[in-house]
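Everything below concerns the one structure shown next.
FYI, it's all coordinate maths here, none of it is from the lab. Just so you know, these numbers come straight off a predicted model, no measurement behind them. Here the Cβ positions follow ideal geometry from the backbone for every residue, glycine too, while neighbour counts run over all protein chains shown.
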Amino acid sequence: MIQLIVNGQPRLVPSPDSGTDSRTTNEARLNIRQLLEHMGLQGKRIAVERNGEIVPRSQFDQPMLASGDKLEIVVAVGGG
Amino acid sequence: MDKLVIAGKAYSSRLLVGTGKYKDFDETRTAVDASGAEIITVAIRRTNLGQNPEEPSLLDVLPPSQYTLLPNTAGCYTVEDAVRTLRLARELLDGHTLVKLEVLGDPKTLYPNIVETLKAAEILIKEGFQVMVYTSDDPIAARQLEEIGCIAIMPLASLIGSGMGILNPWNLQIIIENAKVPVIVDAGVGTASDAAIAMELGCDGVLMNTAIAAAQNPVLMASAMKKAVEAGREAYLAGRMPKKLYSASPSSPVEGVIGNMSGK
């Protein structure tokens, strides 16, 4: 499992390779697309910030997420 | 044609509207359409982690292909939060750089913090954003925001959500007179006459949300605001008659009134 802070809340997300033998290597890393699918946000118009930096959509498939990462996932809502 | 030009794009409507505080998306869309607004503001917020994935999102109802979206920094009290919010907005809207910056100074009044607003605007402009900036009705603040490169100055008429109307037309007039970029009254408009007065003063546009959304009938008020902004603009262009305490020149002929024995 990977422990993330998503929108200010701690969240445990299964690591993609859990089940296979990745214990000897570095912790298996998750990509943003997998996280969004886990959260039911796939296909939604959202933007993601990781540890204070924007993650462009082109990088959503890169396995970048590690335990302790702070993520902000935002949408457009009604406002004045 | 008399168009409002923002960041090189010409708009027929001088009314800009917010999309908050409506009962549901259906009412939002109907009111926006009744207002005739082409530029609409949206807020950027964390996804609601518990939300139903099947629910439509605001951008499904008000697609960027049909409206110019103006993401805002409502609720931001620091330079950092405002800048981060708009970077996220740019990513969310596929590189869209036109934004509404507001850095608030106080949660009770929502009065803008001009020092922080200037700092945030400077950073955003350096990063290529086209910044429409919410500000007080201070002509010097307005001038400084224009000098650093804001593309529209948006002074308040009165406090956000107050509906108090235009409290300092004289300051607005000074801002309008000095500005070389569009001046758009943002916040404080309560009813149609307020919007008309803003336009008669020579503002280039009016931005409002609560005046429409909090009306008893938002869609009807949206229509009223559309007409008020148009009427105010035409009156401004027409040039009003001078005010006099009284006039010795009635509108009807002085001669030929019946019963006048002198024959005149």
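Could you give me the percent of Cα pairs per 10 Å distance bin for the stretch B:173-215, shortest bin first, beginning at zero and ending with the bin that holds the maximum distance?
P(r) for the stretch B:173-215, in whole percents per bin: 29, 52, 17, 2.
Kindly provide the pair-distance distribution of the stretch B:166-264 built from C-alpha pairs, with 10 Å bins from 0 and whole-percent values in order of increasing distance.
Spelled out bin by bin, the stretch B:166-264 gives 14, 34, 22, 13, 10, 6, 0 percent.
Ratio of the protein assembly as shown's C-alpha Rg to 2.2 N^0.38 Å, to two decimals?
On the way: Rg = 25.2 Å, N = 344, 2.2 N^0.38 = 20.2 Å.
Working it through for the protein assembly as shown, the quotient is 1.24.
Please identify every one of the trypsin sites (Lys or Arg not before Pro) in the stretch B:51-115 that sits in a loop by DSSP and has no more than 12 other beta carbons within 10 Å of its own beta carbon.
On the way: sites: B:84, B:87, B:90, B:100, B:108; in loops: B:108.
When the trypsin sites (Lys or Arg not before Pro) of the stretch B:51-115 are filtered for loop state and at most 12 Cβ neighbours within 10 Å, B:108 remain.
Of all DSSP beta bridges in the stretch B:1-102, what percent run antiparallel (nearest 5)?
Of the beta bridges lying entirely in the stretch B:1-102, close to 25 percent run antiparallel.
Which helices, counted as full DSSP H runs in chain B, have an axial Cα extent of no less than 20 Å and a Kyte-Doolittle average of 0.0 or above? If you can, show how the numbers build up before the last one.
Values: long enough: B:218-238 (29 Å, 0.34).
Helices passing the filter in chain B: B:218-238.
By its C-alpha gyration tensor, with a ≥ b ≥ c as the square roots of the eigenvalues, how is the stretch B:94-150 shaped: rounded for a/c under 1.5, else prolate for a/b larger than b/c, else oblate? Working shown, then result.
Numbers: a/c = 2.23, a/b = 1.42, b/c = 1.58.
Judged from the Cα gyration tensor, the stretch B:94-150 comes out oblate (a/c at least 1.5, b/c at or above a/b).
Using DSSP to define loop residues, name the GluC sites (Glu not before Pro) in the stretch B:206-264 whose beta-carbon has at most 12 other beta-carbon atoms within 10 Å.
Working: sites: B:230, B:234, B:255; in loops: B:255.
The qualifying sites are B:255.
For the stretch B:1-148, report the translational diffusion coefficient in µm²/s to the nearest whole number, using Stokes-Einstein at 10 °C, 1.306 mPa s, and a Kirkwood Rh over Cα pairs. All intermediate terms of the calculation are to be shown ahead of the outcome.
Numbers: Rh = 16.4 Å.
Answer from the Stokes-Einstein relation: 97 µm²/s.
At q = 0.23 Å⁻¹, what log₁₀ I(q)/I(0) does a Debye calculation on the Cα points of chain A give, no solvent, two decimals?
-1.15
State, to one decimal in nm, how far the label point of residue B:109 lies from the label point of residue A:51, with both points 7 Å from Cα in the Cβ direction.
Here the answer is 4.1 nm between the modelled labels.
Starting from the stretch B:1-93, pick out the GluC sites (Glu not before Pro) whose DSSP state is loop and whose Cβ has at most 14 other Cβ atoms within 10 Å.
Details: sites: B:27, B:38, B:54, B:80, B:91; in loops: B:38, B:54.
Passing sites in the stretch B:1-93 are B:54.
What is the average number of partner chain Cβ atoms found within 10 Å of a Cβ in A:67-77? Present the calculation step by step, with values, prior to reporting the outcome.
Numbers: counts 0, 0, 0, 0, 1, 6, 4, 12, 13, 17, 12.
Mean inter-chain Cβ contacts per residue within 10 Å come to 6.
Helix-only estimate, please: 222 nm mean residue ellipticity of chain B, summing -39500 (n - 2.57) across DSSP H runs of length 4 or more and dividing by its residues, to the nearest 500.
Values: 9 runs with 95 residues, N = 264.
For chain B, the value works out to -11000 deg cm²/dmol.
If you build the Cα gyration tensor of chain B and take the root of 5 times each eigenvalue, what three semi-axes come out, in whole angstrom, biggest first?
Details: eigenvalues 304, 99, 50 Å².
Semi-axes, largest first: 39, 22, 16 Å.
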